[in-house]
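Take a look at the structure set out below.
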Amino acid sequence: MTMKLDKFCLVAAIAALLALIFPLSGIDGDTGKQVAFVGDIPGLAIAMALCVIAGAAFTWLGVRSVKAGIAILAVAVFGCWQAVSVLYDHGVAGYAGLGFWLFILSLWAFVWRGIDVIANFHSLDRGKQHLANVIVPVAFGVWLLFVWEVVVSGFGVPQVLLPPPSMIGERFVNSTDILASDFHQTFVKAVLSGYVMGCGSAFIVAIAVDRVPFLKRGLLPLGNMVSALPIIGVAPIMVMWFGFDWQSKAAVIVIMTFFPMLVNTVTGLNAAGKLEKDLMATYASGYWSTLFRLRLPAAMPFVFNALKINSTLALIGAIVAEFFGTPIVGMGFRISTEVGRMNIDMVWAEIALAALAGTAFYGAVAYIERKATSWHPSFRVRRH
Amino acid sequence: MTLKQVVNNVAEMPASKKAVVDIKKLSLTFQTADGPVYALSDVDLTIEEGDFVSFIGPSGCGKTTLLRVIADLEQATGGDISINGVSPHEAREQRAYGYVFQAPALLPWRSIERNVTLPLEIMEISKEERIKRAQEALKLVELNGFEKKFPWQLSGGMQQRASIARALSFDADLLLMDEPFGALDEIVRDHLNEQLLKLWARTNKTVAFVTHSIPEAVYLSTKIVVMSPRPGRIIDVIETDFPKDRTLDIRETPEFLEIAHRVREGLRAGHSNDD
């Protein structure tokens, strides 16, 4: 019988074993001594030993079930906790040595293998499947944050270049009132109103363009030109036209979102098949009846595509536009001023906020799409 | 239809049957980049009330085009055509016919029931009445119980039956069917043919049916119109006198084979013309 060894667990076991042998930290320039030893830190020693044992065991047994995957992830979580504690409680931050990095390598192998097993999990139980589908990206995201934290702290990267996520998180939690007012100014006032106006007007214009042939020939190329305008050039002009407050940002967003919506809706209105149009003709269905009963429903997948594209464009537009003049509040304003004051953690907190808001916005639109066009082949669920 | 109209219709019913479709010297020429295409030329045909007329011929003979002219989906370039005594356009505006296409053409965002009620919705019929009529139409094609399903959850044969139910839902007296069972397998097709005949016998509708299957044409029809291509024209009209409640067994009888033979001869003659 040929037994296939689990390579990831083998790497994890060997790396953890070497981590116990090689020095944990570098040498402190002032004292000339190593900062910390594995032998002095029982928690870390246990974690490394656990990695060796679990690695060796699963190299032999293989990680075949989700339970085994969860077990190695649990070992990895314990190891990560010990690694962070060593960095901050035992002064290894900035002095991490080869032993430390070998330990991280071991953890990486475990996490990779564990996530891999859960990602390949298939169940007919929708609840379980859903849980597995959520765990994978969350675990992966948490791991990336951990690597970021450890690399930045371990190598002692200056925080002006890149602060560790823990610092950003701390700043985020401690400045919720500033972030909330920035969010309100940029997202609630500028993004949402600009998005609704841009997408709404483009939708109506698209229906007009579809109805009136000369608009199709005249307006579409013009719209194309407007969409090609550089936002950097348009934003200051909009600020001059509409003032410093959110209105000028909304105007920039309208310009950015108008064309994707227009083109997609016009394409979507032609998506209904010839057969279906003939069918409506046999019922002597009028223009508006055919529009609402056939052409708009058929256009919905295209319209939602544009809404999704625009949800991310709108946020980018608002933030960039705030660089060109704004009242003393707003996400773009905060980023540009805090960079100048070297408060890089605040900049990152705003970036995190923008990422969260953008993702939530996109997710909300995608959710509505799923509900509204559940008939579309890409969303169909067989219900017998 | 008001009571008075019904009484009038009964009173007007003559001894000889009423012509539902009357076509005289009809021709249709498509202008294309490669020059004109003579899709139909010199077509004369009368379809009477209660007839089941099949159009048969090789592809490109204009049988679908003829059906589309009757339905006002194409306009003739010469000759005369009237449906129930009015132009095809007026007949379409009056919703005088139900049309069944080659493909089911069900709207995927509507349930089967809402697909069947689509024409009724366009005709602004009340909701209770719509649901009642959809129930009746779905019963006629044996699809009751599938109201809440979506089209893609049904087999091809069931989808086509749903599209027939949709054409029946507003109770037009004329049914135009363009190779409705062309994409289905032999056994499903036989079954649907039987159902269609029963439906026709029960409702006394007038049916115009395009097909390229000789047995299907002979089995279903009271009148078979044999057509030939380039230019599309009628080369033979064969009347049959099988009873309305015929079964699939008649396909074994000598009369059936004789008519099938005549249709085949007609098709062959049409083909030899364009050599």
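Do any residues in segment A:274-289 that are under 20 Å from B:Ala96 (Cβ atoms) and facing chain B (nearest Cβ under 7 Å) have Cβ atoms under 7 Å from those of residues that are in a helix (DSSP H, G or I) and not charged (D, E, K, R), where the two are at least six apart or on different chains, and which pairs are they? Note: pairs meeting the criteria are A:Tyr283/B:Pro119; A:Tyr283/B:Ile122; A:Ser285/B:Ile122; A:Ser289/B:Ile122. Taking the condition assigned to a loop (DSSP other than H, G, I, E, B), open to solvent by 20 Å² or more (accessible area, probe 1.4 Å) and among the charged types (D, E, K, R), does A:Arg334 pass? No; evaluated as a whole, the condition is false for this residue. Restricting attention to segment B:107-125, and to residues there that are at the interface with chain A (Cβ under 9 Å from one of its Cβ atoms) and more than 21 Å from B:Asp173 (Cα to Cα), which single residue is farthest from the chain's Cα centre (by Cα)? Here the residue is B:Trp109.
The condition (being out of contact with any Asp or Glu (no Cβ under 7 Å at 6 or more places or on another chain), among the β-branched types (Val, Ile, Thr) and not in a helix (DSSP H, G or I)) is satisfied by just one residue among A:Thr359, A:Thr326, A:Thr290, A:Thr312: A:Thr326. Among the residues of segment A:177-187, at least one is in a helix (DSSP H, G or I) and under 26 Å from A:Thr265 (Cβ atoms). What tally of residues in segment A:342-381 results from selecting those that are under 11 Å from the mean Cα position of the chain (by Cα) and within 13 Å of chain B (Cβ to nearest Cβ)? So the count comes out to 0. Scan segment B:220-231 and give yes if some residue there is out of contact with any Pro (no Cβ under 7 Å at 6 or more places or on another chain) and surrounded by fewer than 17 Cβ atoms within 10 Å (Cβ to Cβ), otherwise no. The answer is yes, given that some residue of segment B:220-231 is out of contact with any Pro (no Cβ under 7 Å at 6 or more places or on another chain) and surrounded by fewer than 17 Cβ atoms within 10 Å (Cβ to Cβ). Among residues of segment B:66-84 being touching a residue at least 60 places away in the same chain (Cβ under 8 Å) and away from chain A (no Cβ under 13 Å), the one that is surrounded by the fewest Cβ atoms within 10 Å (Cβ to Cβ) is B:Ser82.
Scanning segment B:157-165 turns up no residue that is more than 14 Å from chain A (Cβ to nearest Cβ) and of a type in the set (Val, Ile, Thr). Here B:Leu175 meets the list (1) at pLDDT 85 or above; (2) within 14 Å of another protein chain (Cβ to nearest Cβ); (3) surrounded by fewer than 20 Cβ atoms within 10 Å (Cβ to Cβ) almost entirely, failing just condition (3).
Would you check if A:Phe302 is touching a residue at least 24 places away in the same chain (Cβ under 8 Å) and either open to solvent by 30 Å² or more (accessible area, probe 1.4 Å) or more than 30 Å from B:Pro104 (Cβ to Cβ) (or both)? It is true that A:Phe302 is touching a residue at least 24 places away in the same chain (Cβ under 8 Å) and either open to solvent by 30 Å² or more (accessible area, probe 1.4 Å) or more than 30 Å from B:Pro104 (Cβ to Cβ) (or both).
The values are calculated or read from the model by the stated rules, or taken from the named source; none is laboratory data. Owing to the predicted nature of the structure, the values given are computational and were not obtained by experimental measurement. Every residue, glycine among them, receives a Cβ derived from its backbone with ideal geometry; neighbour counts consider all protein chains shown. The accessibility values were calculated without ligands, DNA or RNA, using every heavy atom of the protein model including side chains. Shrake-Rupley method; radii C 1.70, N 1.55, O 1.52, S 1.80 Å.
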